[in-house]
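The values are calculated or read from the model by the stated rules, or taken from the named source; none is laboratory data. Not measured: the values here are computed from a predicted model. Positions of Cβ are backbone-derived with ideal geometry, glycine not excepted, and every protein chain shown enters the neighbour counts. Ligands, DNA and RNA are stripped out before the accessible areas are found, and what is left, the full protein with its side chains, is counted by its heavy atoms. Shrake-Rupley method; radii C 1.70, N 1.55, O 1.52, S 1.80 Å.
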Amino acid sequence: MKAGESALFHVGWELGYGEEGNFSFPNVPPKADLIYEVNLIGFEDAKEGGKPRSQMTVEERINAADRRRAEGNQLFKDDKIEAAMQQYEMALSYMNDDFMFQLFGKYKDLADAVKHPCHLNMAACMLRLNRHEEAIMQCTMVLQENGNNVKALYRRGKARAALNRTDEAREDFKKLQKLTPEDKNVARELRLLSEHDKQLYLKQKELYKGIFGPPAKEIRPQTLHWYQALWNWLVRKVGFLFRWSEKDD
């Protein structure tokens, strides 16, 4: 495989969880073959700090991930977005689901303090690359664990707005405004959404006006003046008298 490629790995049950399977995490039935989707992020030395990853303590894995995060931040500042993303992905690989599932208390907090910024920094990279769906996914992973994360709400709102999902974007920014009422950037984003909706309404109005044609003119009943009414009465009266005289003849 080359860096950036994905592949499916098929593992027979004999080399997986065996005849008994696994009933904790992950839950695997007995004699179940496994299929792994593997994304090759990049290449690194087999040992980090002199140890293979499998022999690291919890603190060592978190520290290794944090070093990758810091390297990614520097690459991001240097506008090397793709390289920064690779470092963030490397950092997250130290804190996969199997590892995080075992943590609680202080260690869970330490790991989240590195993992969440990596997801948020990934989202920032995705926004720069106009990969908005992926940015939303990265922010949502953080918000699932911390629904009031300010950066996650802001970046997800930006990504949703870029996809014209204005109602969802407004929901993020409204929640963010309650958390940070003095933030002028949030107020600006809400104004931009309102302007976008207004422009969209005007465009749709113009479009539908052409489809349905001009509005029908209102027909108003004509008002007769008193002299017109009198003249009409006289004409009818003369006509009646004329017809009556013809009958007498």
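Are there chymotrypsin sites (Phe, Trp or Tyr not before Pro) in the range 62-167 that DSSP puts in a loop and that have at most 11 other Cβ atoms within 10 Å, and which ones?
The qualifying sites are PHE104.
Tell me, what is the per residue accessible area of the range 61-120 in Å², probe radius 1.4 Å? Write out the running numbers ahead of the final one.
Details: 3080 Å² over 60 residues.
Value for the range 61-120: 51 Å² per residue.
Of the options LEU34, PHE104, ILE62, report the single residue whose Cα projects farthest towards the positive end of the charge dipole of the range 1-133 (beta-carbon charges: Lys, Arg +1; Asp, Glu -1).
Ranked along the dipole, the leading option is ILE62.
From the Cα gyration tensor of the range 39-170, with a ≥ b ≥ c the square roots of its eigenvalues, which class applies: rounded if a/c is under 1.5, or else prolate if a/b is larger than b/c, or else oblate?
On the way: a/c = 2.55, a/b = 1.53, b/c = 1.66.
It is oblate, given that a/c is not under 1.5 and a/b is not larger than b/c.
Hey, what do the phi angles of the range 65-78 turn into as Karplus ³J(HN,Hα) couplings, whole Hz, using 6.51/-1.76/1.60 and θ = phi - 60°, x for Gly and Pro?
5, 5, 5, 5, 4, 5, 5, x, 4, 5, 5, 5, 4, 7
List, in order, the whole-Hz ³J(HN,Hα) value for each residue of the range 166-179 obtained from phi through the Karplus relation with A = 6.51, B = -1.76, C = 1.60 and θ = phi - 60°; use x for Gly and Pro.
After applying 6.51 cos²θ - 1.76 cosθ + 1.60, I find 5, 5, 5, 4, 4, 4, 5, 5, 5, 5, 5, 5, 5, 7 Hz.
Would you please give the residues with an amide H less than 5 Å from that of ASN22, counting only those at least 5 places away or on a separate chain, with H modeled from the backbone geometry?
VAL28
If the limit is 27 Å between Cα atoms, which of LYS77/LYS184; LYS2/LYS31; LYS51/LYS106; LYS2/LYS51; LYS115/LYS178 go over it? Let's see the in-between values first.
Numbers: LYS77/LYS184 24 Å; LYS2/LYS31 32 Å; LYS51/LYS106 23 Å; LYS2/LYS51 25 Å; LYS115/LYS178 25 Å.
Going by Cα-Cα distance, LYS2/LYS31 fall outside the 27 Å limit.
I'd like to know which of PHE173, ALA91, THR140 lies farthest towards the positive end of the charge dipole of the range 73-180, counting +1 on Cβ of Lys and Arg and -1 on Cβ of Asp and Glu.
With unit charges placed on the Cβ atoms, the residue in question is PHE173.
Enter the Cα centre distance for the pair the range 132-181 and the range 60-101, rounded to the nearest angstrom.
Measuring centre to centre over Cα atoms gives 22 Å.
Quote the charge dipole size of the range 162-201 about the Cα centre in Debye, to the nearest 20; the model charges only the Cβ of Lys and Arg (+1) and of Asp and Glu (-1).
Values: 9 positive and 9 negative charges, 20 e Å.
For the range 162-201, the charge dipole is close to 100 debye.
Largest first and in whole Å, what are the equivalent-ellipsoid semi-axes of the range 55-97 based on the Cα gyration tensor, each being the root of 5 times an eigenvalue?
Details: eigenvalues 92, 19, 5 Å².
Rounded to whole Å, the semi-axes are 22, 10, 5.
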